[in-house]
Amino acid sequence: MKLNAEVDTATADRYRVRSYPTVLVLRSDGIEIDRVVGYYRAPEFMGLVEDYLDGRNTLASMAAAESTQGSDPAFLAKLADRYFEHDLREDAKARYLRLVAVDPANRSGLVDDALMSLARMGRKDKDYATARKYAQRVLDRYPDSDAMKSAFLEVGINWKRSGDLENAWKVFLDYARKFPEDEDAPYAKEQADTLAAKLGHTIAVPRSLTGHTL
């Protein structure tokens, strides 16, 4: 059965569907076995559904395995992501935080992503100070992370969302100047220019940025 979750909001709320597309695998009585969130190629999609029907790799089976695998960063990352897909946000947050605690050196390469997930959850909850805190932690602890630039922008976005336009302007301008050739530099410059106009600032834009199309 295919439903428009933005129209049939009662069903969407019943199953906590917040992302699209979401495919629910249900028992005949309507109880959810598990779900597939996002786009997958047909073989991958079929493999996931077959696993769920056989009781493998479901959220329930992973939760049952947590007592023995709960110190494994890769397991925690996957479990946290699964809780997040089910919109069980507090459960997801607890596993992301445990991952951060068990792997402070980020040897798994998963901690920076966990912190970014926590930051985005905070922003979605309009807890902008918490969102900034987690994004800033990526910048402070893992400056060489591939999530560093996303964290940099996340800090600026949350300053802006919280109404602190001055700090948001500084962050976006700093990003545009530090990473003039980055694909997100035009976005950062546009944000900086818009905020500068609101604040009445006059800024000198580096020559290397002037060629970017906004």
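A few comments on the model shown:
- Cα-based shape type of the stretch 1-57, given that a ≥ b ≥ c are square roots of the gyration tensor eigenvalues and the cut on a/c is 1.5: oblate
- A dipole drawn for the chain from +1 and -1 charges on Cβ atoms has a positive end, and of Y128, L118, Y15 the residue lying farthest that way is Y128.
- Theoretical gain in end-to-end length, V49 to D182 [0.36 nm per residue, Cα-Cα removed]: 44.0 nm
- With a Förster radius of 41 Å applied to the beta-carbon distance between R56 and A129, the computed FRET efficiency rounds to 0.55.
- With R₀ fixed at 30 Å, the C-beta to C-beta distance from R18 to S71 puts the FRET efficiency at about 0.55.
- Here's the picture: charge each Lys and Arg Cβ at +1 and each Asp and Glu Cβ at -1 in the chain, and of G38, A192, P180 the one pushed furthest to the positive end of that dipole is A192.
- Distance between the C-alpha centres of the stretch 130-188 and the stretch 64-108: 25 Å, rounded to the whole angstrom.
- Simple label model, 7 Å out from Cα along Cβ direction - R41 to A101, nm: 3.9
- Solvent exposure of K170, expressed as accessible area, is near 100 Å², computed with a probe of 1.4 Å over the protein chains only.
- Whole-percent carbon and sulfur share, accessible surface of the stretch 1-57, 1.4 Å: 53
- Charging the Cβ of each Asp and Glu at -1 and of each Lys and Arg at +1, and nothing else, the dipole of the chain about its Cα centre rounds to 620 debye.
- Distance in nm between pseudo-label sites at M148 and A64 (7 Å out along the Cβ direction from Cα): 4.4
- Take the stretch 1-57 with all the other protein chains still there, run a 1.4 Å probe, and you get 74 Å² of accessible area per residue.
- Gyration tensor verdict on the chain (Cα atoms; rounded if a/c is under 1.5, prolate if a/b is larger than b/c, oblate otherwise): prolate
- Between the residues G156, S71, A5, the greatest Cα displacement towards the positive end of the dipole of the chain, with unit charges on the Cβ of Lys, Arg, Asp and Glu, is found for G156.
- GNM flexibility winner over the chain from A147, A119, A92 (Cα, springs under 10 Å): A147
- Near D34, the amide H atoms lying under 5 Å from its own belong to V25; only residues 5 or more places off or on other chains count, and H is placed 1.01 Å from N.
The values are calculated or read from the model by the stated rules, or taken from the named source; none is laboratory data. Note that the structure is predicted; figures quoted are calculated from it, not measured. Heads up, the Cβs are rebuilt from the backbone with ideal geometry, glycines too, and the neighbour counts pull from every protein chain shown. Side chains included, ligands, DNA and RNA excluded: accessible areas come from the protein's heavy atoms. Shrake-Rupley method; radii C 1.70, N 1.55, O 1.52, S 1.80 Å.
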